[in-house]
1. For region 102-174, give the magnitude of the charge dipole about the Cα centre (Cβ charges: +1 Lys/Arg, -1 Asp/Glu; no others), in debye to the nearest 20.
2. For K150, list the lysines whose Cα falls under 23 Å from its own Cα; do not include residues on the same chain fewer than 8 positions away.
3. Can you return the aspartates and glutamates within cross-link range of K80? Criterion is Cα-Cα under 17 Å, with same-chain partners fewer than 8 residues away left out.
4. Quick one: which residues, 5+ away or cross-chain, put their amide H under 5 Å from the amide H of V152? H built at 1.01 Å from N.
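Every number here is computed from the coordinates shown, using simple stated rules; none is lab data. Because the structure is a prediction, the values reported are computed rather than measured. Note: ideal-geometry Cβ built from the backbone for every residue, glycine included; neighbour counts use all protein chains shown.
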Amino acid sequence: MRRGGDVEVQELLDKLEANMSPASLRDFAATLMRLADSLDQNWNPERIRSNYPMFSAAARIERNSLVLSFAATKEEHRAKIRDEAIGADLVGVPAWNMLVELFKQSSGGAKVSTKSLQIIARCPETTALRIIDRLEDRGLVVRSQSETDKRVTFVALTREGFTKVGSVLERFGD
């Protein structure tokens with residue numbers, strides 16, 4: 001026997017299935033994962049403070065991070081168009097997709113779960129974890145365990161990663 005909430009959820013799922021394409025559903029799922037990551041961290045925009053010295057490249061990029069996040073979103077859109085036209089298996093760049101997502105989320109002070117990165121990168125979990133290992137080995141990202149759920153691992157850009165991705169996005173804006 002179903003409880004009232006379960007019926008409402010099923011009705012919502014049925015409506016989503018009837019009105020959304022598989023690609024739109026995947027985008028929606030990725031958005032829900034980002035929301036879950038933010039809720040898991042008790043995210044609060046008032047707590048966001050600069051982590052970088054005032055006159056550093058990282059501070060300059062941080063001041064422009066919201067504008068650059070829009071550039072990152074455009075880049076993701078370009079990648080999605082490219083993937084749909086040619087096929088993600090031929091032109092996919094999962095590491096860059098991860099870095100762009102991490103940059104966008106860092107603009108709001110959020111960390112991103114490894115599962116969210118796997119979804120964003122559109123690759124198998126083992127591949128995503130290998131990529132994260134390489135990004136960590138290069139000093140671009142750092143991992144941390146969720147304080148509320150020890151099964152969840154978050155990934156965030158390091159200062160070097162933030163600066164490198166931001167520099168690329170600045171160049172895209174030119």
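1. 120 debye
2. Here the lysines satisfying the reach criterion relative to K150 are K111, K115.
3. Candidates past the 8-residue exclusion: D27, D89, E101.
4. It is S146, by chain and number.
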